[in-house]
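Heads up, the thing below is written out as structure tokens.
The values are calculated or read from the model by the stated rules, or taken from the named source; none is laboratory data. Everything quoted here is computed from the prediction, not taken from an experiment. Side chains included, ligands, DNA and RNA excluded: accessible areas come from the protein's heavy atoms. Shrake-Rupley method; radii C 1.70, N 1.55, O 1.52, S 1.80 Å.
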Amino acid sequence: AAKNDGKNRYEFYQAHFSEALHARLNNEQAIRNAIEMDEFVLYFQPRVDAVTGELKSLEALIRWQHPVRGLVLPVDFIPFAETSGLIVDLGALVLEKTFQQLAQWKALALPLVPVSVNVSAKQINQGDLISILNSCIERHGIDVSLLEIEITESSMVDDNLLVLEELSAMKNRGIKLLIDDFGTGYSSMSQLHKLDLDVLKIDQAFTRSLARGQKGEAFFKAMISMAHALGMHVVAEGVETKEQLELLRALSCDEVQGYYISEPATAEEAAVLIKRQFLLPGSRSRTEQDLG
Ligand code: C2E
Ligand code: MG
Ligand code: MG
Ligand code: MG
């Protein structure tokens with residue numbers, strides 16, 4: 001019984017501790033302070049051609065480099081940022097940092113690789129996304145075609161005209177549009193049809209069930225043939241194994257992203273990946289190919 005008491009007490013303290021921590025991270029002042037102290041950083045995860053492994057794009061993923069807690073993942077602060085409206089300022093910061101990074105890689109004479117940025121519907125609704133973008137493009141001297149926008153399927157659910165209009169304005173400027181976490185958001189086909197989308201990113205839950213057999217495979221097959229018929233490319237998210245990659249190739253999935261290829265990397269690590277260009281395990285590097 002004593003042992004059990006100890007365990008319960010431990011669990012109580014654990015829950016209590018993380019609750020308190022959660023409260024400390026998730027208040028407006030804490031996040032504003034972190035913006036002020038420049039504690040938010042971007043990591044970059046490659047998206048590659050499923051057959052050749054060629055780097056197609058890097059996805060910018062935000063992290064909070066907290067002085068006490070260390071690296072805090074989006075799940076611990078993005079939901080609060082969304083409900084509190086702080087996502088508008090945080091999103092503008094992510095765009096600014098993305099363009100800073102593109103300019104830095106350009107200054108290092110690295111090959112130009114597009115970066116995709118996750119954008120929330122609230123950010124489009126409440127922030128002046130187009131003018132923030134224009135300002136970034138002008139100040140950093142980066143071509144607009146190097147930017148891609150990811151919007152989750154779930155933010156397309158309500159018939160939000162403003163979001164649709166802003167997205168088509170971006171599309172008309174030459175920015176690629178990607179639908180993120182596809183298959184989890186219950187959007188209707190008619191909703192998606194209103195936009196000229198470039199890429200469907202199939203949620204990692206489907207990739208996980210792919211290894212298990214028939215249903216996951218049938219889902220991918222159907223989504224890929226629909227996307228291809230509409231002129232879209234398909235990305236499988238969360239690819240962790242060689243078996244998943246091989247199944248996806250057999251289904252003509254265009255691109256893949258996931259730990260099997262690379263975890264989200266720091267800007268310095270990403271520079272190495274950009275130089276390598278071909279990122280599937282076993283694929284030859286640019287230099288190896290140049291050498292013949
Ligand atoms: P997302 O855009 O769907 O990003 C993919 C998430 O899956 C990332 O988590 C990534 O680290 C993780 N992931 C990638 N490959 C694998 C894999 O093979 N296995 C597993 N288990 N996970 C994998 P992360 O970085 O924690 O981001 C989570 C979510 O937070 C993102 O999902 C995105 O919705 C949101 N987010 C991240 N950065 C931003 C941002 O700058 N703005 C906004 N609005 N949302 C962001
Ligand atoms: Mg994303
Ligand atoms: Mg996703
Ligand atoms: Mg996600």
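Stick to Cα atoms and the Kirkwood definition of Rh, then tell me Rg/Rh for segment 137-215. The partial results should precede the final answer.
Numbers: Rg = 14.9 Å, Rh = 13.9 Å.
Ratio of gyration radius to Kirkwood radius: 1.07.
Given Cα pairs under 8 Å that are at least 6 residues apart, what percent is the relative contact order of the chain? Working shown, then result.
Details: 440 pairs, mean separation 55.0, N = 292.
Dividing the mean separation by the residue count of the chain yields 19 percent.
Helix-derived [θ] at 222 nm for the chain: sum -39500 (n - 2.57) over DSSP H runs of at least 4, divide by residue count, nearest 500? Walk me through the numbers on the way to the answer.
Values: 13 runs with 143 residues, N = 292.
The helix contribution divided over the chain gives -15000 deg cm²/dmol.
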### Message
Relative contact order for segment 146-292: what percent, with Cα pairs under 8 Å and sequence separation of 6 or more?
### Response
16 percent
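Any chance you could tell me what percent of the C-alpha pair distances in segment 54-143 go past 15 Å? Don't jump to the answer; show the numbers that get you there.
On the way: 2556 of 4005 pairs.
Everything past 15 Å amounts to 64 percent.
For the chain, report the % of Cα-Cα distances exceeding 31 Å.
In whole percent, the share of Cα-Cα pairs in the chain beyond 31 Å is 34.
Give me the accessible area per residue for segment 209-258, probe 1.4 Å, as a whole number in Å². Don't skip to the answer; put the middle values down first.
Working: 2460 Å² over 50 residues.
Each residue of segment 209-258 exposes 49 Å² on average to a 1.4 Å probe.
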### Kirkwood hydrodynamic radius of segment 198-238, Cα pairs, Å
10.2 Å
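Distance check, please: which entries in 56/215; 221/242; 56/122; 97/171 exceed 23 angstrom between their Cα atoms?
Values: 56/215 29 Å; 221/242 18 Å; 56/122 28 Å; 97/171 21 Å.
Listed pairs above 23 Å: 56/215; 56/122.
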### Task
For residue 56, list long-range residues whose amide hydrogen, built 1.01 Å from N in the peptide plane, is under 5 Å from its own amide hydrogen.
47, 48, 49
### Query
Hey, what do the phi angles of segment 177-194 turn into as Karplus ³J(HN,Hα) couplings, whole Hz, using 6.51/-1.76/1.60 and θ = phi - 60°, x for Gly and Pro?
10, 10, 9, 8, 6, 5, x, 10, x, 6, 6, 8, 4, 5, 4, 5, 5, 6
